[in-house]
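To keep things clear, I will list the structure first and then write my remarks on it.
The values are calculated or read from the model by the stated rules, or taken from the named source; none is laboratory data. Model, not experiment: these values are computed from the prediction. Note that each Cβ is placed from the backbone with ideal geometry, even for glycine, and that neighbours are counted across all protein chains shown. These accessible areas exclude ligands, DNA and RNA; they are computed on the full protein's heavy atoms, side chains included. Shrake-Rupley method; radii C 1.70, N 1.55, O 1.52, S 1.80 Å.
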Amino acid sequence: MWRRFSAEASDYNHSLDVWCFAKISQLAEQFGATALFPVGKPYLPFQRWAIQTGEFFSSPLGLTIHREYGLWHAFRGALLFDHEIPRQKARGQISPCDTCAERPCLTDCPVKAFSLEGYDVPACVRHIRGEDTRDCSQWGCAARRACPVGIEYRYTTGQAAFHMDAFKRTLE
Ligand code: B12
Ligand code: SF4
Ligand code: SF4
């Protein structure tokens, strides 16, 4: 997706949301479905839907985790049909987090933004706007990068920097 978006970005004013809106709306039309998006209030429960497929699990970071792709995925849209689609049988997978003894994702953030109480957004933002000792702005969230699952799918620098920049702008 990133390669395709990068090639077409200027036609969409470099907005990934606008690009996804166009592409997923096209798919919805093709399949006679309604397109739904993760942005815009009220927020739709994309992560809960993903977990219901049996392919994704909750991780200590609040992000969902996949056995193959690890934390390196995002949900760009969903197709809503007016008839029921038989569900695939859940594969009975277990979460990679269940067998991860070290849990490095919980210790690698320089400001300990992730804890059992949730995600300390102000602490994270102060750090990445200031010293940014782990180069999160360039390489992406250090806690996310600490996870050993699916490292071959980690975002490239350009992709990580694009998302971190969008994250900072969202908060502004
Ligand atoms: C609001 C929001 C934020 C807020 C969070 C505010 C807060 N106090 O936690 C801000 C702007 C800070 C944020 C940040 C990020 N977000 Co965000 N965010 C959302 C959004 C738009 C709505 C969340 C929501 O309220 N959903 C409504 C409830 C009803 O849905 P739900 O599925 O039932 O709820 C689940 C979540 O609330 C989740 N949860 C609980 N605590 C936390 C904490 C964190 C950090 C996350 C990510 C989730 C999470 O658990 C619930 C049950 O599964 C979702 C998209 C969406 N529609 O869900 C993306 C989403 C959760 N974000 C996402 C991502 C990737 C991020 C970032 C990593 C972006 C980045 N930099 O690349 C950062 C994380 C910080 C970092 N250090 O990098 C992805 C997660 C993908 C995944 N693998 O799970 C989502 C799904 C968007 C997408 N297009 O895929 N985000
Ligand atoms: S580091 Fe371990 S506990 Fe944390 S998200 Fe990855 S597999 Fe799960
Ligand atoms: S982006 Fe950096 S400062 Fe923010 S939560 Fe991730 S590791 Fe911590």
So in region 149-172, with the set limited to residues that are open to solvent by 70 Å² or more (accessible area, probe 1.4 Å) and in contact (Cβ under 8 Å) with a residue 60 or more places away in the chain, which one is nearest to ligand 2 (Cβ to nearest atom)?
151
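How about region 57-172: which helices (runs of 4 or more DSSP H) wholly inside it have at least 3 residues that are more than 10 Å from ligand 3 (Cβ to nearest atom) and not β-branched (Val, Ile, Thr)?
Details: elements: 121-129, 136-139, 142-145, 157-171.
Fully inside region 57-172 and qualifying: 157-171.
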All positions within region 121-134 that are at pLDDT below 95 and under 18 Å from the mean Cα position of the chain (by Cα):
121, 125
Among (1) within 19 Å of residue 167 (Cα to Cα); (2) surrounded by 18 or more Cβ atoms within 10 Å (Cβ to Cβ) - the single one residue 62 does not satisfy
(2)
Qualifying position, being of a type in the set (A, V, I, L, M, F, W, C), over 30 Å from residue 33 (Cα atoms) and within 9 Å of ligand 1 (Cβ to nearest atom), among 149, 121:
121
Looking at region 103-117, can you tell me whether even one residue there is more than 10 Å from ligand 2 (Cβ to nearest atom) and over 21 Å from residue 146 (Cβ atoms)?
no
If I ask for residues that are touching a residue at least 12 places away in the same chain (Cβ under 8 Å) and exposed (fewer than 15 other Cβ atoms within 10 Å of the Cβ), which ones from region 104-115 would you list?
104, 107
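Does residue 128 fit the bill of being within 28 Å of residue 1 (Cβ to Cβ) and either open to solvent by less than 40 Å² (accessible area, probe 1.4 Å) or charged (D, E, K, R) (or both)? Walk me through how you get there before you give the answer.
Values: within 28 Å of residue 1 (Cβ to Cβ): yes; either open to solvent by less than 40 Å² (accessible area, probe 1.4 Å) or charged (D, E, K, R) (or both): yes.
Considered against the rule, which asks whether it is within 28 Å of residue 1 (Cβ to Cβ) and either open to solvent by less than 40 Å² (accessible area, probe 1.4 Å) or charged (D, E, K, R) (or both), residue 128 comes out as yes.
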Can you confirm whether region 75-98 contains a residue that is open to solvent by less than 100 Å² (accessible area, probe 1.4 Å), touching a residue at least 24 places away in the same chain (Cβ under 8 Å), hydrophobic (A, V, I, L, M, F, W, C) and near ligand 1 (Cβ under 8 Å from one of its atoms)?
yes
